[in-house]
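The values are calculated or read from the model by the stated rules, or taken from the named source; none is laboratory data. Note that the structure is predicted; figures quoted are calculated from it, not measured. A quick note on method: Cβ atoms are made from the backbone with ideal geometry, for glycine too, and the neighbour counts reach across all protein chains shown. Note: areas computed on protein heavy atoms with side chains; ligands, DNA, RNA excluded. Shrake-Rupley method; radii C 1.70, N 1.55, O 1.52, S 1.80 Å.
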Amino acid sequence: MDKYKGVFLAKMKITARLISLVSYALFIFPNLQAQSYGLLFQSREVVAEKRTAFDLTPDDSLCYARHLSLSFDISFNPVYPTYFGYIFRIINDKSQNVDLLYDQKNNQFRIIFLDSYTSVSLPVTVSELVNRWHRLRLDIDEQGITFYHDGRQAGKASLKLGGNCLRICFGANSYAGFKSIDVPAILLKDVGLKVDDNKEYFWSLDESTGTNIADSLSSRKAVALNPAWIKPRHSNWELVSSMLIKGYPSTAFDGGEDRLFIVARDSLYTLSMKTGVLSATMLSVRQDNLLLGNQSVFNPYNRELYNFYIDEHIVTAFNFSEARWDQHFAPAPVTEYWHVNKFFSKSDSALYVLDGYGQLRYKNKVQRYGLGSRKWAEVATGGDYYTPRYLAGLGTTGSGDTAYILGGYGSKDGDQLLNPKYLYELSLFDVRTRSFKKLYSLKEPAEPFVFANSLVIDETGKSYYTLVFSKDKFNTQLQLMKGSLEKPVFTFMASPFPYSFADNRSFADLYYSPATQSLLAVTLYANSDNYNTEVKIYRISCPPNQQYIQTASVKGAGRGWYWYVAAGLLGIGVGVFFLRKRVKVRSSIVEPIEEKTKDVTSEVKVVEAIVEDGPKARICFFGNFEVTGSNGEDLTKLFTPLLKELFLLLAMDSIRWGKGVSAEKINETLWNDRNVKDAINNRSVNIAKLKNILERVGGCTISKASGYWKLDLDDALVRVDFARYVHIFSEPVRQKASMDELISIVHRGPFLPQADYPWLDNIKSEVSNFIIDALLKYCASLSLQENAENIITICDSIFFFDESNEIALRFKCKGLIALGRHALAKNTFEKFNARYREIYGEGYHETYAALIGA
């Protein structure tokens, strides 16, 4: 009895720790409590027919007997000069209208009845409406209307309402006699209706796609016309611009004016975040020696743009009026300071540069450039020891007197040959005392990562944002991360996006745009072959949504939905506890098999066992095309021939290149016999159908950026064998574990054998050639005597892709002979010979004896 009591108490302690963990996570990361979602109304920036409407009564009126209450959260979209227009219009069956509009001239909401202003008004400035959500409520009854703001009564008016059946529409509307296209640039969410205390409707507007929105309480249909959903803007990075620039540019950001600078040798490019306009200023004098490794930085205190090359100790300032730099770089050797971090300090009017890598050494030297003296000096630092490093992230407080440095890659004494490692410590550098202080170290992650050049510091929230990535692969991804400045905790935010990393030819940085309330990521990749640099600019709205949090399942929960998340996390934690026990039992069974046989077949079984414990949602490209949902449901039958080809078209370019496929290519491939209008309509309809299917899969969505349609996959939620194949394909050196996984993938069969499309032929050929070459090389590396069974299995997989492969035949026959199966080896040869004759019209050119070396 004591034994069971002990187990029970142990489990209770684990549960208590999990509850504490959930509470702690909710406290540290408010994103768990407040995901960003809602409907953004397109206003005067688009033509009239493209403006947004949200109609709560698209099919019929909504009637009440005694009273009705309409409530919603509203905010204003930043960086708009004008916010005039109808928030909503309510029209009853007697053609009486009650309207809410914003009077920007007087900074107040006004309510209109018929053709006149009522006495009800609510003073709120644009700046207040831009910076936070406001809860508004309008109550209608027999006496008139009552208006509330954040739970407090803001006004009341007596109205003679003649009808009690209403049409309700936010934004643009086409109601007869009341049509309007005056739409303010608002953000709307959590719309509620309460009718006579016995009916309630709630539209959270946390959708990512779609126009028909059912309320979460009664499934009442509402319609969003020309919707711009907020959730994807806070979950997915948008590619704002991509350009190819001659030479080796660098970037800087002016947060005061919300503009990104791209410094090139003959031009200064400026992207205004307020207007979205990218402009170029030709330099009056070229900066020809803009060397690889140069960096640019904007000084927010004197409003100057600088460029520097640390090896030459040269800092040059840009003269905007004359469009020229005040100094020029001389030709110089390759930098010894790759990926340095830099910041300006207001207190001593100086530029500080630290970290870096070059000539097999990591750096921890702090160098200071005085703007007044125009002289460089090395700073003697004190405090905690600061490990030499590069690929760290750095951010400062508003005055620049305190710098936070996070992570990196380096070694204790700076020597690359002496045990370099990933660093995850957060350190503070105090300009006034010129000393370092280690604040904490993050727990080392399962998959190591390094950091983009900057941290975005939130002093009020005591937190930071940064970008992290793997430095061990070229086709890597940048992942947004949010952490605390006080405690060693972090969480991944939003979806990752592609990044080409080649150490000294790549650079990534992160900035914050106050006016647009968004994060801006910039990546540079310098192609040494043609002296060009690819510059990509991405944007995501703030606050970004936490990665993998699913809010759709708790629609209608209002502001308390995060407790459902907490409960879910608790359940997951308890599940993990029992799952770990299960895994230990399975391990005790699997490990002796591995020890006994030491062969590929058993290891393939281990890989398959791991896959079984992975996501239930699967998409299989090898063997028969199959799609399985997160609940285990077979969804393959939902893919019509057209939807299947559309899906494969999106998948190929998205998975292989991370870019997606252009709308023009989709039209040309699938609807080249239709006119442009029909092709666009067919594309829209079928992509909408495909999105609905993929929602049932889970972890698989379709997005559009810069004219490219892309399939986005979350490998934590859905397993895609072709994505795993591409990962293995991109590895410069394939380890044994990767080859074992490849064998488990191709063991199902050839690549899309039933997909016969001309555009797919080259891809299928590429896949087949790689798999055949990789598996043959792997066979050659194995001992025939020790791995005969495995070699036979591998050869059978090769025959899926090339049934007349002579090398695979030789390996298989010799493997069978090594196992003493001589008759089976001879039979294998004879079947091969017969099939060879069918294909080529003649028998195989080599005898069985010659093949096996008898």
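Observations on the structure shown:
- Rule-of-thumb Rg ratio for the range 291-404 [Cα; 2.2 N^0.38 Å; N residues]: 1.06
- Per residue, the chain reaches -9000 deg cm²/dmol at 222 nm when only DSSP H runs of four or more residues are counted, each adding -39500 (n - 2.57).
- Normalised per residue, the accessible area of the range 62-114 is 36 Å², obtained with a 1.4 Å probe and no contribution from ligands, DNA or RNA.
- Take the range 470-550 with all the other protein chains still there, run a 1.4 Å probe, and you get 36 Å² of accessible area per residue.
- Largest to smallest principal axis extent of the C-alpha atoms in the range 768-816, angstrom: 27, 17, 14
- FRET efficiency for the Arg135 to Val685 pair, using the beta carbon distance and R₀ = 35 Å, is estimated at 0.40.
- Compared with the direct C-alpha span, the chain from Ser730 to Asp59 gains 236.3 nm at full extension, assuming 0.36 nm per residue.
- For the range 661-805, dividing the convex hull volume of the Cα atoms by the residue count gives 141 Å³ per residue.
- Over the chain, relative contact order from alpha-carbon pairs under 8 Å, at least 6 apart, %: 8 percent
- Overall dimensions of the range 455-523 by Cα: Rg and Dmax, Å: 13.0, 37
- Share, in percent, of DSSP beta bridges within the chain that are antiparallel, nearest 5: 95 percent
- Here the Debye sum runs over all C-alpha atoms of the range 157-216 as equal scatterers in vacuum, and log10 of I(q)/I(0) at q = 0.19, 0.24 Å⁻¹ comes out as -1.07, -1.28.
- Asn769-Glu142 pseudo-label distance in nm [points 7 Å out on the Cα-to-Cβ vector]: 8.3 nm
- Degrees separating the helix 721-730 axis from the principal Cα axis of the chain, which is the longest one: 70 degrees
- Simple Cβ-charge dipole of the chain, Lys/Arg +1 and Asp/Glu -1, about Cα centre, in debye nearest 20: 1620 debye
- Fully extending the segment from Glu830 to Leu643, taken as 0.36 nm per residue of separation minus the present Cα-Cα distance, adds 63.1 nm.
- For the range 153-278: accessible area per residue (Å², 1.4 Å): 40 Å²
- log₁₀ of I(q)/I(0) at q = 0.04, 0.09, 0.11 Å⁻¹ - the chain, Debye sum with one point per alpha carbon: -0.23, -1.10, -1.41
- Cα long-axis angle, helix 2-28 against the chain (0 to 90 degrees, to the nearest 10): 50 degrees
- Volume per residue of the convex hull around the Cα atoms, evaluated for the range 792-854, comes out as 71 Å³.
- Taking 4.7 Å between beta carbons as the limit, the unpaired Cys residues of the chain are Cys169, Cys542, Cys620, Cys700, Cys779, Cys795, Cys813.
- Share of carbon and sulfur in the accessible area of the chain stands at 51%, probe radius 1.4 Å.
- Among 290-298, 329-337, the peptide with the highest mean count of other Cβ atoms within 10 Å heads the list, and the full ranking is 290-298, 329-337.
- Förster-model FRET efficiency, 51 Å R0, Asp634 and Lys199, C-beta, rounded to 0.05: 0.85
- Helix 676-697 axis, angle to the chain major axis (alpha carbon atoms, nearest 10°): 80 degrees
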